[in-house]
Amino acid sequence: MTATKLKHSKASKLGRPRAFDRGHALDRALDVFWRKGYEGASLCDLTEAMGINPPSLYAAFGNKEELFCKALDRYTEKHADFLRETLARPKAKDGIAALLTGTADSLTDKSSPPGCLLVQGIAGAGDHAQCIRDQLSARRAAGERTIRERLKRGKAEGELPGDADPGSLARFVVTVIHGMAVQAASGANRKQLEAVAKTALRAWPV
C-alpha cells in the first residue's frame, strides 16, 4: 500500500462515526426518563447514559421530545404484550387477577426503575410539555380500553352480572394499577402491593 493510500485509509477510519446499538441506546434513554421523568431528564443525563454525544442523539432520534416518544413506544410495546397475555386467560376475573398480581411484580422488579413511566413520566412539567402529557394520556386510555373490551366479553359470556358496568370496572382496575405505581415509586414492596391487588379483587361484582 502506498503512503497516500495508507494515509487515506487511516483518515477514513478516524472519520468514521462509532457504531452504536440503537436499541440499547433507546433502552438507556428509557431508563433515564423512567427514573427522572421527561422534565427531570437533562440532555447531559441522556447522552451520558446512551453513550453518544448530542449531535449523534439528534441525528439518530431527533430532539428530546422525539426521543421520549420513541422510548415511550418501546415501553408501551413491552407492557402491551404483558396486558394481552394476562387478559388472555379463559375467565375475565382470572385475567384481572393475573394483571394485578403481575403488576405488583413488575412495579417492584429490581432490574427496572420503580413505578410506571405512564404515571410518573410527566410529573412536575409545565404547559410546554402538553404534547408529552397527551402522549401519556393516550397510552393510558389505550390500556383501559383493552381491559374494558375484555370485561365486555366476560359479561357477554355470563361472567359478570347483568347490572355490572364493564367501563366502570375497567376504570376501577386502572385506578388501582396507577395507585400501585405511585406506591411503588414511594417505596412500597411487592408484598404490600400484592395485598392491594387482593383487596381490589374483593370488589369483583357478583
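The values are calculated or read from the model by the stated rules, or taken from the named source; none is laboratory data. These numbers were taken from a predicted model, which means no experiment stands behind them. Don't worry about glycine lacking a Cβ; one is built from the backbone with ideal geometry, like all the others, and counts go over all protein chains shown. For accessibility, only protein heavy atoms count, side chains too; no ligands or nucleic acids. Shrake-Rupley method; radii C 1.70, N 1.55, O 1.52, S 1.80 Å.
Taking 18 Å as the cut-off, the amide N atoms of the stretch 130-144 that come nearer than this to a point 7 Å along the Cα-to-beta-carbon line of E39 belong to 130-137.
Pairwise inverse Cα distances across the stretch 85-193, averaged and inverted, put the Kirkwood hydrodynamic radius at 15.0 Å. Projected label points at D21 and R190, each 7 Å from Cα along the beta carbon direction, are separated by 2.5 nanometres. Sorting V196, V174, V206 on solvent-accessible area from highest to lowest, probe radius 1.4 Å, gives V206, V196, V174.
Multiplying the residue separation of D105 and A123 by 0.36 nm and removing their Cα-Cα distance gives an extension gain of 4.2 nm.
Using a 1.4 Å probe, what is the accessible area per residue for the chain, in Å²?
Result: 57 Å² per residue.
Between E85 and E65, the simple spin-label model (points 7 angstrom out along Cα→Cβ) gives 3.5 nm. At 1.4 Å probe size, with the rest of the protein present, what percent of the exposed accessible area of the chain is carbon and sulfur atoms? Carbon and sulfur atoms account for 53 percent of the accessible area of the chain.
The value for the chain of Rg(Cα) / (2.2 N^0.38 Å) is 1.33. Helix 166-185 axis versus longest C-alpha principal axis of the chain: approximately 50°, rounded to the nearest ten.
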